[in-house]
Structures are given as C-alpha cells and as structure tokens.
Amino acid sequence: MEKQYDPKGIENKWHDAWTENKLFVADEKTTKPVYSVVIPPPNVTGILHMGHALNNTVQDIIVRHKRMSGCEVLWVVGTDHAGIATQNVVERQLAKEKLTRHDLGREKFVERVWEWKTQYHATITSQLKRLGTSVDWSRERFTMDEGLSAAVRKVFVSLYNDDLIYRGKYIINWCPRCRTALSDEEAEHKDSKGKLYHFKYPLADGSGHVTVATTRPETMLGDTAVAVNPTDDRYRYLIGSHIMLPLVNRKIPIIADDFVDKSFGTGAVKVTPAHDPNDYAIAQRHYLKPIIIMDEGATMTGPIPDKYKGLDRFACRKEIVADLTALGLVDTIEDHDHAVGQCYRCSTVVEPYYSDQWFVKMAPLAAKALAAAKKNTITFYPERYKKTYTDWMENIRDWCISRQIWWGHRIPVWYCDECKAVIVSETDPTICTHCDSTKLRQDNDVLDTWFSSWLWPFSTMGWPQHTDLYKKFYPTTSLTTAPEILFFWVARMLMAGIYCTKQLPFTDIVLHGTVRDKSGRKMSKSLGNSIDPLDVINVNGADALRFSLMMTTAQGADVYLSPDTFEIGRNFCNKLWNAARFVLGTIPEKVTITALPPVFRLDGADIWMLSRLSKTIAAVESALQTYRHNEAARLLYDCTWHDFCDWYVELKKADLYQTEDAEKQADARALCIHVLGTLQKMLHPFMPFIIEEIWSHLREKITYNNLIDAQFISCASFPKSNKDQINDAIEAEFTLVQNVITAIRTMRAENNIPPDKKGTAKIVTATPSDLASLTAHKARIEHFAKLTSATIGADLVRPSFCASSIVAGNQVFLELEGLIDKQVELERLAKEIARTQSLIESTQKRLESPAFTGKAPAEVVAKEEEKLCGLKSNLEKLNQSLAALH
RNA sequence: GGGCGCAUGGCUCAGCUGGUUAGAGCGCCGCGUUCACAUCGCGGAGAUCGAAGGUUCGAAUCCUUCUGCGCCCACCA
C-alpha cells in the first residue's frame, strides 16, 4: 500500500467489479426483507452538479446501509426527458446552425432530440457512476421509454374517465420565449423593481376622468372595463357610466366589483380580461368578452392601433407611456416593488395568457394525500416540511398539464374532423368511434414533464403491469430530494401513488438542503459560483467528496461549500488508509482469527476501546435510522480518528511490536483488526471506494469469519452493537488515564521541555479506585507522558520543586531537574486558582439557595454538592502547590 | 401580506427530549520528522451561545418581542 491514498484507478476498478458481480442488481425472487428507493431522475441533458452529489450521496448511504443490514435492495435509476429544458437545449443548438424547430418539422425535430438524449444520457450516467452510487443499472428507466409512456397514457385516460382531467379556456402562465403554457409551480415569482403607472382615463361624456393604476401599461390596449369597489364613495356615482379608452378610442364601462381594494392605488382598476387572471375573473362575473392583444410570443396584435402592432410587449410599454404622456394622460409614475413571474426554465417574464389548455382537477386527489400526512403515515425529515406540504395541499389549484412544445408525451386525445368527437385513448385510434371517420387529428400538445415524473415510483417498476418487480419492491420506503421540488414532484407522486396503486409510494420523505457557496448564494451555472463535483472527485476522490458533504451539514440544512471543504474528507481518507496500512503492516504474512481474545486477557484499554466501539455502533445505527447522516459521519470520524488512531493504536503498539509474548501480540493484532474492520464496515456506506479497497487488502491477509464475512464489503454485514461490551466504569477509568497523560503533556509543553528530556512524576490519588486505575496503566502513563518513572500513591510526599496539576482530584507532580520554569508554574497556578474559586462561588451560591435545594431533583443537588467538595479540595491542593513553589 | 428557517470563538458549523467547567474542523501560536499518516502528532490561545424580556431551582437549549440574513407561498392592479 502506498504511503498516501490515491483514489485514481481504485475507484474505477471497484465500480467495474461491483458491476461485473451484479452486486446492486435486485433479485425480485428474494426471500429477504426488501428495501427500495427511486432516484430523483436527473434531466437527461443535464450534468452532475453539487446538488446531485449531495442527493445521491444521501441515498447511497441509506441504500448501502440497508443492503449491509440484510435487505434486498432495489435502487431504481433513470433519467427524465425534462420537456421544456431539453427542447430548449436542442433549439439553442439548432440556432447555431441558423435553424429553428419549425425548419425541421415536428417529426425531424423530435428525432433530433432523441439523438441528443442518447448523447447526453451517457454524460449524466457516467457521472453518477463516478460518485459511487449503488443503483441497479440493469433496470434503468427513462420517462419516455415504452413502459413509462404506456403508464402515462393509462393514467391520462383513467383520470379523464374519472372526470379529473378537463380542457378549457383559461388564463394560464405563458412563457413567450418557450412559447408554451406553464403550471403555477413553473412560474417562479421573483421580486423586482418596477413602476406603478397612474393613467387618466377620460369619461366618455367628457365630464372628467378616472385615474387607474397599472404595472403593465401595454395591457391597456386590451382593457374592456374599469372596475371600482361598489362601496367606494369616490366612484359610486360613476358606476354604469363609460370611459373612452385612450389611444384605441373604445368605449368601456365602469363596473363595480368587490375584488377592488379601495385602499390600493387610486381604487380604480383597469380590467384586461385576456391578460390578467384577476381581470379575467372580474370579466367572467360581468360578462365582458376578453380582447386578446398579444400573440404567443408576447408581440402586440389584435384590434389595436397599427402603430403598436408587431411591437414587443416591453417596447410597446414605452410607446404607450410616451403616447399617453403626450396626451397629458399620465398622472404619476412611481417606483413599485412587486413579484414578477418568470419561466423556471429560461427566466423570461411570464405573461398571463388566455388559451385552451388541459388541466388536472387536483382537489379530489389531494384529499387523500393530505389525510396521509395528517394521520402521520408519511414522515418528513426534517419534520417542519410537513406544514409546507399540508399548506400547499389545502390550497391546491388545478394543474395545467398541456405544453405547446414537441418534446414529450403527446396528449392521447384525438379530434374527429367530421363529427368533432373527442377521443381519449390509450392506443392510437384509426377511426372515429362515433362516426367511423378516419379524419382524426391528435392534439398537438404534449404533457407537462412532471406528468410522467409523478408516476416514477411505480411506472419504473412495470406498473400498470403487476410485474414481479412491482409486486416485490413497491411501495418504496424513503424518497430523498431537495425541498425545491416538494410540490413539483413529491406531493404529486403521493397523489398519483394513491390514485393509481391505492398505496403511498413511500413513507419517509428526506429533504436535504440546497447547496450554496460560502456567501450563501445558491450554486448555479449561471452565477458561475458552482464547484464541479467532478473536479473534486478528480482531485480528492469521490469518497472525500461524499464524506465532506456529509460532515458539513445537519439534516435539512443548506450546505455551504468552499473549495477547502473537501479537505476534511481527503484527510480522513488518508488517515483511514494509513490506519489500515499500519494494522496490515503488523501482520507478517497471513493471519487467522477465530474470535476476540477472551475477557480475562483484555486489559482496560481493550475494554475501553470495545466499549467506545459498541456505543458508536449503536449511535450510528440510530442516526442512520432517523436520516441524521451528518451525525453518523461525525461519530465515525471521531471514533476512528480520536479513539482508535490517536489512542488505541498508539497504546497497542507496545504489544504489537513486542515479540516475547506471542499471545499478547496476537491478541493486540486481533483487537486492532476487529476495531478497524468494524469501523470500516460502518464507514463503507459513506465512502465506498476506499473502504472496498482496504477491505480487499484485509481479505488478502486475514481470515476472520466473524468480521470479514463477504468478498465485497458492499455485501458484508453491518455491525451490531454488543451491549455486553459497553462498560461505563472502564471508560471513566480510561478517561482519567487520558487526562493524566494530557496534563503531563501540557506541563511539558508549557515549560518548553524538549521531547528527549524525560522526567519523573508523582501522582497523589484522590480515591482508592483512582489509585487502582492509574496503577493499572502506570506503564502507559510513563510511556505516553515521556517519564522515566511515575510513582502513584495516596500518601506521597510532594516534591520540593515541580510542575503540578490536578486531574479529577488527583494531584500530578512533574519533576524535571532544572527544566521547570517557576514563572510559568506560578502563572498557571494563579490562573487555575482563580478559575476554581469562581466555580466554587457559583456552585456555593446555588447550593445556598433554598429554591435550588428544595426544588431540584435530589440527584442534581447531590451532584452539585459533590462538585463543590471536589472543587474545594482542589483549591486547597492548588494553594499548597503555590506555597511550595514560593 | 402569510409561513418557515438561520444568527454559537477569526472562518465553517455540531450541540437530539432544558442540569458539562459550551464542542469539532479550518485558520492562528508553540514544540515535534522514533519505523501508519506533515493530507501527520503533541500542546495552547480564542465564545458573557444576535438583542431585550419571560418561564424555571436551573436556559445556547422552552416562550414572547425585536434586529439582521435566507428560503417558500400569495391575484393587491
């Protein structure tokens, strides 16, 4: 093994080995308990970013842990066709060739996208592989593959027949650049600084004017009324009279509607039914006909003055303002901050647009999904997202599912040109079911990409067929994703799952944070602040990336990354590597271990280590079960680095290197192997590559069936905590030993004593059990504190001149001829005395308060009393030491 | 406008159901290359836990208000 861990080569080697041995291929005939999850399918034309790295690391940890815990695991992998996003990518590419999709035509264009899909697909999947995700590649799916497409059609038809899908003319969010409808969720509202324009609309009878306020002046060309609140005394007398709409010279009525807020703006609202959802609602109530003044590219059109025709909406806005100004009809223009909807794929400002679209009626579907959350059959991690979810569900609105693009599942609806019948069918009809005509036209639109995503947990397993896979692995258990897509995807999957399969598709929803840069900005390509996970993998390895991510963030909290974040993982990999290198180096050729040494051959340090290990196993298991992966990572990091490497390995070196007592040496070796191996098993879900590599080295030299129980660690058993090994008394004893050693080291360091200068120590013990404990570890104290000898006893005489320290009541005196600096000691003692005194004061104060002694539990009071007693004794000893120095 | 989250040493964060002398990593300072690891070891300095109230014998931890930052939702033109 090399001196430093180098992930290059190793990662690919193990990935290939896992694949060849089909380790992650789920067996649908298994008799084991099953565990399944589905990956949030990445956009097929996407590239791996830190969010993916985080998301997939979390899932991989869950899945590998379950696999090692005896479950048959299915992790479904696949990609999403991502309708608008992918179409945009390809259209942009076409633009470079000076082509539009219309130049190619629908069929050729879709072909072209498929080509792109094939090419990009390789990118994202190879990137997922490099992360180490243990997905079942043999069952990879794509949202537009045959099976999933069949599922989409099945669900569409079924919802239509159940009266849960309808078509109609409504105001929807429209992206003029993508030229398609969007759902409410796809229009992102971002705060922006705009203007509120106040226009004077002349009354038709010339008797004055009404001032209206708008943020979108261009829409005035489509105004069909001015609305006021019926209770507004300022305008009540005008209700029923008319306005002469400037520039277009159309006579429009003044109407009364409760929607109008008297206190906002002027209290008079211009009504543009075709281009504003509220205005549309008002118009519905007042039987006003919408006048469309923009086309699908948000270019001005319709019954408007010619000079505005063909203008872009924003250019037109300027013109309108200029023209109204010229007419003296602009009252004021003020700054106005408001949230403007933007297309989530291209950030173009969305335009409310009046058009024919398909919708899913959501309320009936939401009812059951809401009930599941309320009955706690769904658990959110962290819990607070439950409220976000239920709030959304309770206020759910119908879902616009038709998109005016070409890449996606074409809506399975046909219109008969002869009899105008509407045919909704899972299979392509050839003749009209009503009039036998063959003149059928399929609906031009495709479905929202999320209409296939919401079926993902079961469509990927073969549904609507009751395949063996579906029967065995559906429903899944946990679903891990970012909170951003709680509504887009998670909520909808729950609804679809209940509707289609009568079951919740998963019960645990694990939401991790958003990946941000150091200054808190979301990492994104457009901001240029993203750290490419592949760069990190290339430099530090996938394991370092994964482990660092897990160490950096608490459950559900956002992840703030800087380039040096990944040193945590890199350094830890190296530490592990070297720990293994060391342990392996102590094995001459091969070794067979049948069991741990019997208890009577274990000393305090061994029992301490095994106790720490068992506690760590239990804590890790519990952290993993509640998806607190950072907690598990931290526990493993601490136990590996600080307990095992810093103390235990150092302690056991004496036994490992000594050759006189072969049994002792073998015992030490077995114990080190046991602890290291156990830690590595737990670390494997976090850092699969390096551990698999180390595991292979262990396997080469060691036979130890209780530990090394599989060819690949991916298939080995996850450690189980052994209650019998937990020993708090021994842990406390060893902690005392550690603290004594540290105290002596501190005294040495503060006195600047060179490492080669050894000293002697006298330890005056506080209790008989401390005497026993310290005496048992006497040799170690001498070795680790660099002493020629330590004398331990209850009644030792204080040396005349020495450095001194108190450890849990035990006095530690360090003698080093001519090397102890009196001044240093005086300062340290003074500081220590001051600290002790202030502690005594506060403790005494507490104990003197009858409120405390009367109301606090007896054991808490007793503890305080004990503390005070100890502190007082410490103070006395410190003062003695001070006196002795003088 | 409604909801949620975060404010802990120079930096990045832990701290789960209230009771420790408030932890870690990075950075900093000192010492160190004896044979696992300088991507290392040993030691140290550095925090009145955003502010003000409150509950409690006791609060970083619970409640209220405030300030700052962030996120989500929402049809005030």
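List pairs: first residue in segment A:277-292 and at pLDDT below 90, second residue assigned to a loop (DSSP other than H, G, I, E, B) and surrounded by fewer than 16 Cβ atoms within 10 Å (Cβ to Cβ) anywhere in the structure, Cβ distance under 8 angstrom, at least six positions apart or on different chains.
Partner pairs satisfying both residue conditions: none exist.
State all residues of segment A:84-108 that are among the basic types (Lys, Arg) and surrounded by 17 or more Cβ atoms within 10 Å (Cβ to Cβ); if no residue qualifies, say none.
Residue satisfying the conditions is A:ARG101 alone.
Report whether or not A:GLU111 is surrounded by fewer than 19 Cβ atoms within 10 Å (Cβ to Cβ) and of a type in the set (Asp, Glu).
Spelling it out, A:GLU111 is indeed surrounded by fewer than 19 Cβ atoms within 10 Å (Cβ to Cβ) and of a type in the set (Asp, Glu).
Among residues belonging to segment A:526-536 that are of a type in the set (A, V, I, L, M, F, W, C) and surrounded by 15 or more Cβ atoms within 10 Å (Cβ to Cβ), point out the one that is modelled with the lowest pLDDT.
Residue satisfying both the conditions and the ranking: A:ILE531.
Based on what the data block shows, is A:GLY341 assigned to a loop (DSSP other than H, G, I, E, B), open to solvent by less than 60 Å² (accessible area, probe 1.4 Å) and not β-branched (Val, Ile, Thr)?
no
Under 7 Å between Cβ atoms, which residue pairs at least 6 apart in sequence (or on different chains) link something in segment A:378-400 that is closer than 26 Å to A:TYR160 by Cα and open to solvent by 40 Å² or more (accessible area, probe 1.4 Å) with a partner that is modelled with pLDDT of 90 or more and outside any helix (DSSP H, G or I)?
Pairs found: A:ARG397/A:MET362; A:ASP398/A:PHE359; A:ASP398/A:VAL360; A:ASP398/A:LYS361; A:ASP398/A:MET362.
Restricting attention to segment A:760-777, report how many residues are touching a Ser or Thr at 6+ places or on another chain (Cβ under 9 Å), outside any strand (DSSP E or B) and surrounded by 16 or more Cβ atoms within 10 Å (Cβ to Cβ).
The total comes to 5.
Given the criteria away from RNA strand B (no atom under 16 Å from the Cβ), among the basic types (Lys, Arg), open to solvent by 30 Å² or more (accessible area, probe 1.4 Å) and within 20 Å of A:ASP223 (Cβ to Cβ), does A:LYS169 qualify?
Answer is yes for this residue.
What pairs come out if I take residues in segment A:474-497 that are farther than 16 Å from A:ALA373 by Cβ and without any contact (Cβ under 8 Å) to a residue 24 or more places away in the chain and pair them with residues that are part of a strand (DSSP E or B) and polar (S, T, N, Q) whose C-beta lies under 6 Å away, six or more apart or interchain?
So the pair list comes out empty.
Quick check on A:ILE833: is it more than 10 Å from RNA strand B (Cβ to nearest atom) and either within 20 Å of A:ALA766 (Cβ to Cβ) or surrounded by 15 or more Cβ atoms within 10 Å (Cβ to Cβ) (or both)?
Taking the combined requirement at face value, the residue satisfies it.
What number of residues in segment A:222-266 are among the charged types (D, E, K, R) and within 14 Å of RNA strand B (Cβ to nearest atom)?
7
Could you tell me which of the residues A:PHE852, A:PHE801 is farther than 18 Å from A:LEU736 by Cα, surrounded by 14 or more Cβ atoms within 10 Å (Cβ to Cβ) and under 50 Å from the mean Cα position of the chain (by Cα)?
When all the criteria are applied, what remains is A:PHE852.
Tell me, which strands (runs of 3 or more DSSP E) wholly within segment A:477-525 include 3 or more residues that are modelled with pLDDT of 90 or more and either in contact with a strand residue (DSSP E or B) (Cβ under 6 Å, 6 or more places away or on another chain) or away from RNA strand B (no atom under 12 Å from the Cβ) (or both)?
Because the criterion is at least 3 residues that are modelled with pLDDT of 90 or more and either in contact with a strand residue (DSSP E or B) (Cβ under 6 Å, 6 or more places away or on another chain) or away from RNA strand B (no atom under 12 Å from the Cβ) (or both), the strands (runs of 3 or more DSSP E) in segment A:477-525 that meet it are A:478-481, A:508-511.
Considering A:ASP564, A:ASP638, which residue is under 28 Å from A:ARG67 (Cβ atoms) and either open to solvent by less than 20 Å² (accessible area, probe 1.4 Å) or part of a helix (DSSP H, G or I) (or both)?
The unique qualifying residue is A:ASP638.
The values are calculated or read from the model by the stated rules, or taken from the named source; none is laboratory data. Computed from a predicted model, the values in this text were never measured in an experiment. Every residue, glycine among them, receives a Cβ derived from its backbone with ideal geometry; neighbour counts consider all protein chains shown. The accessibility values were calculated without ligands, DNA or RNA, using every heavy atom of the protein model including side chains. Shrake-Rupley method; radii C 1.70, N 1.55, O 1.52, S 1.80 Å.
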